[in-house]
Structure formats: C-alpha cells, structure tokens
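K.L.:
Please read through the structure below; I'll follow up with questions.
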Ligand SMILES: *Cc1c(COP(=O)(O)O)cnc(C)c1O
C-alpha cells in the first residue's frame with residue numbers, strides 16, 4: 001500500500017519508556033521501577049486537583065464543555081491576556097501541530113535549534129516542509145538570525161528553557177531577536193519549562209502577555225504536563241494574537257480536551273503553593289546532581305528545568321549506561337539519537353535520586 005510520501009521521511013517519535021513496558025520486558029516489580037525519563041513532576045499533582053477530578057467523574061457520559069470557559073478564564077487571569085488570545089490543546093504538542101499545519105506546506109522552511117524538542121521536526125515533515133537546523137547546540141540567536149535572513153523560514157521555533165539540554169535564553173535577548181523578524185514569520189516560543197526557568201533566574205522569564213502585546217507574529221506555548229504534574233491528562237495551551245488563534249482554531253478537532261482534564265488543569269492553576277514547593281524541591285535536588293557530576297568528573301549542563309543532562313566521558317557510552325540502568329528498573333533518556341553521548345535525567349524525589357546515584361556509581 002502506498003502512503004503519504006511525506007511520511008517516508010519521518011522516524012517515529014520514541015517517547016520515554018513507560019513503567020508498564022519495563023515490567024513486561026524485564027519482569028521487575030512495578031514498585032521497584034523509577035521513571036526519570038519524561039520530565040514529569042515526581043511529586044505528582046496537587047491534592048486539590050485529585051479531589052476536583054473525583055468530583056466530576058459523574059459527568060463522564062456527556063461531551064466536555066467545548067468552549068473550555070473555566071480553564072480559559074483561569075488562564076486568562078493567570079497570564080492577564082484575553083480569552084481570544086488562548087487556545088487549549090491535548091498537550092502543547094497539539095498546538096505545535098496546529099501551528100505547523102496553519103503556517104507551513106511543502107514549499108516552507110522551518111528553523112529549529114540543532115538539539116531541541118523532536119516534535120517540531122516531525123510535525124514539519126507531516127506537511128513536507130524543509131527543516132533548517134542551527135549548528136550550535138545551545139540557542140545562538142545570532143546564528144538563528146543569520147539563518148533567518150538566508151533561508152526565509154515561515155516558522156522559527158525557540159524552546160526556552162530548551163529540552164533536552166536545559167539551557168535557557170535571556171528574555172531580553174529573545175525580545176530583541178523577535179523585534180528583528182518580519183511579521184509574516186511565525187515565531188513559536190515553547191515555554192514548557194518556563195515555570196522552572198523563571199524560578200531559578202528572573203532574567204530567563206518570558207512573560208506571554210508582554211510577548212503578544214509587542215508582537216503579532218508570536219505564539220507562546222505552555223503545558224500542564226511538567227511543573228503542574230498532569231502529564232497523564234494531556235493539557236497544554238497557546239497564547240497569541242487573536243488572528244493567529246483564530247487560524248489555529250480551524251484545525252482543532254471538537255472536544256479535544258476531556259472533562260476530567262479540563263477540571264484538573266483549572267484547579268491546578270489555583271494551587272500555586274503546591275507547584276512552587278515542587279519547583280523549590282527540584283532545585284534543591286538538582287544541587288545533588290551537580291555535586292555528583294563534579295565528583296565523577298562528568299559534564300553537566302547548567303539546567304533551568306526539572307531535568308539534568310549528563311554529558312558522559314569518551315570511555316562511557318550513553319546507550320550502554322541507559323540500557324544497564326533499565327535492567328535495574330531505572331528509566332532515563334539516552335540522548336545518542338540527538339548526536340550526544342549523554343543521558344537526560346528528570347530530577348526525581350530525594351529517594352529516587354539517591355537510587356540513581358547508587359546505580360550510576362556501579363556503572364561508571
Ligand atoms: C513536554 C514538552 C512539550 C509538550 O508536552 P505536552 O505534554 O504535549 O504538553 C512541549 N515542548 C517541550 C519542549 C516539552 O519538553
């Protein structure tokens with residue numbers, strides 16, 4: 001059977017291995033498995049969210065509120081933007097998909113960082129667009145600008161803080177960069193880890209309200225999957241000028257967010273204390289990773305997120321190490337597919353991190 005020719009170019013995205021798979025493959029007891037592979041919040045979500053979700057279970061027979069009014073109201077007051085400036089997606093992944101379909105086709109170019117979130121490239125290939133990558137591993141805005149001038153991309157993706165490296169752009173430099181981009185080019189600012197970056201360093205904090213007040217060609221992305229501890233609920237959002245939002249809406253399937261997910265995300269926004277505590281713990285635990293790396297003489301990238309990237313030495317092989325960890329029930333992300341001899345580890349709870357250090361000491 002023949003399929004869409006564009007699909008030939010796509011390598012299927014490999015998500016962090018789920019616990020269920022490790023149970024089946026290695027016969028390990030689920031309670032002995034630790035997943036530090038997908039940057040979920042190791043402390044879970046707020047108790048208020050759990051209670052609220054239980055309370056709406058009786059509504060499961062009905063389709064969800066497709067206007068998503070409660071969540072839009074909550075996001076609207078959280079970010080001080082109008083509801084017309086917001087679109088909600090089944091994860092911010094879905095908004096990335098909408099943005100590419102809205103703006104690119106097979107004659108388009110999409111500019112991304114050399115090492116960044118893999119889905120930009122995959123969605124761009126859906127429409128047959130050409131991917132242009134920087135050579136620098138860290139976002140180098142001068143190089144981005146040079147490639148913008150030379151290649152005239154229709155979309156530029158900036159991921160700050162960046163996944164899978166953890167580094168972040170200075171917010172002022174980001175604004176200065178966007179000011180130089182013509183209004184026909186869509187600039188997507190993916191802030192999946194912005195809550196962490198903003199906590200660690202105010203100068204990294206990108207305020208979506210300011211962004212869309214200044215620029216009509218910017219789409220800001222946020223998610224409930226990371227700091228808010230709702231990866232399993234699949235809720236993300238886009239914030240942009242209403243003209244962009246209206247176009248993205250044309251691509252949205254109806255009822256793309258479930259009743260339970262809408263409720264969870266709305267209530268999660270009301271418990272900032274919980275999120276704040278988790279983020280504070282994250283950076284306390286991250287210090288332990290920095291000390292561990294220093295002692296083991298491994299490079300660690302300064303991270304503004306809830307994960308660390310350990311760049312291994314030449315005598316160590318990230319694929320082997322990730323495989324050996326997996327056999328012991330520890331799931332981390334091997335970055336060899338990104339051309340790096342490195343592993344990315346989500347910063348877990350104190351116990352989870354201690355366990356990883358112990359296993360790594362045996363392997364390194
Ligand atoms: C996790 C992540 C997302 C999207 O996550 P969703 O669960 O789809 O909301 C987007 N961008 C980056 C960089 C991420 O790491």
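K.L.:
Quote the relative contact order of the chain in percent (integer), defining contacts as alpha-carbon pairs under 8 Å separated by 6+ residues.
P.N.:
Relative contact order comes out at 24 percent.
K.L.:
For the chain, give me the percentage of DSSP beta bridges that are antiparallel, rounded to the nearest 5 percent. Before the final figure, lay out each step's value.
P.N.:
Working: 18 of 35 bridges.
Of those bridges, close to 50 percent are antiparallel.
K.L.:
Could I ask something else about it? Can you compute the FRET efficiency between residue 130 and residue 77 using 1/(1 + (r/R0)^6), with r the Cβ-Cβ distance and R0 = 45 Å? Round to the nearest 0.05.
P.N.:
Approximately 0.65, to the nearest 0.05.
K.L.:
Kindly give Rg over Rh for the range 184-234, based on alpha-carbon atoms, with the Kirkwood expression for the hydrodynamic radius.
P.N.:
Over the Cα atoms of the range 184-234, Rg/Rh equals 1.03.
K.L.:
Continuing with this model, one more query. Only counting other Cβ atoms within 10 Å, I'd like 311, 45 sorted with the fewest neighbours first.
P.N.:
Numbers: 311 17, 45 25.
By the 10 Å Cβ count, ascending, the order reads 311, 45.
K.L.:
Counting other beta carbons within 10 Å of each Cβ, put 24, 78 in order, fewest first.
P.N.:
24, 78
K.L.:
Once you place label points 7 Å from the Cα toward the Cβ at residue 15 and residue 152, how far apart are they in nm?
P.N.:
Computed distance between label sites residue 15 and residue 152 equals 3.9 nm.
K.L.:
Counting pairs of alpha carbon atoms under 8 Å apart in space and at least six apart in sequence, what relative contact order in percent does the range 147-201 give?
P.N.:
Relative contact order comes out at 48 percent.
K.L.:
For a distance above 18 Å, tell me the whole-number percent of Cα pairs in the range 189-293 that qualify.
P.N.:
59 percent
K.L.:
Which ordering of 344, 234 is given by a fewest-first count of other beta-carbon atoms within 10 Å?
P.N.:
The most exposed by this proxy come first: 234, 344.
K.L.:
Å³ per residue of the Cα convex hull, for the range 120-187?
P.N.:
Taking the convex hull of the Cα positions in the range 120-187, it is 88 Å³ per residue.
K.L.:
Also, quick follow-up: From zero up to wherever the largest Cα-Cα distance of the range 286-356 sits, split into 5 Å bins and tell me the percent of pairs in each.
P.N.:
Answer for the range 286-356: a P(r) of 3, 16, 28, 30, 18, 4, 0 percent.
K.L.:
Run the quick spin-label model on residue 313 and residue 255: label points 7 Å from Cα toward the beta carbon, then report their separation in nm to one decimal.
P.N.:
Placing both labels 7 Å beyond Cα along the Cβ direction yields 5.8 nm.
K.L.:
For the range 211-364, report the translational diffusion coefficient in µm²/s to the nearest whole number, using Stokes-Einstein at 37 °C, 0.692 mPa s, and a Kirkwood Rh over Cα pairs.
P.N.:
D = 180 µm²/s.
K.L.:
Shifting gears a bit: Using all C-alpha to C-alpha distances in the chain, build P(r) with 10 Å bins and read off the rounded percent in each one.
P.N.:
Over the chain, the share of Cα pairs per 10 Å bin runs 5, 24, 33, 27, 11, 1 percent.
K.L.:
Of 42, 253, 153, which is the most mobile in a GNM of the chain whose springs link Cα atoms less than 10 angstrom apart?
P.N.:
Among 42, 253, 153, the largest GNM mean-square fluctuation belongs to 253.
K.L.:
Write down the Å³ per residue value for the convex hull defined by the alpha carbon atoms of the range 91-207.
P.N.:
95 Å³
K.L.:
Kindly provide the Kirkwood hydrodynamic radius of the range 21-159 in Å, to one decimal, from all pairs of distinct alpha carbon atoms.
P.N.:
Working: mean 1/r = 0.0527 Å⁻¹.
Roughly 19.0 Å, rounded to one decimal.
K.L.:
Divide the volume of the convex hull of the Cα atoms of the range 35-108 by its number of residues and quote the answer in cubic angstrom per residue.
P.N.:
Here the figure is 184 Å³ per residue.
K.L.:
Give or take rounding to whole Å, what are the principal axis extents of the alpha carbon atoms in the range 267-325, in descending order?
P.N.:
For the range 267-325, the Cα spread along each principal axis is 48, 23, 15 Å.
Each reported figure results from applying straightforward, stated rules to the coordinates on display, with no laboratory input. Because the structure is predicted, anything quoted here is derived from the model rather than measured. Positions of Cβ are backbone-derived with ideal geometry, glycine not excepted, and every protein chain shown enters the neighbour counts.
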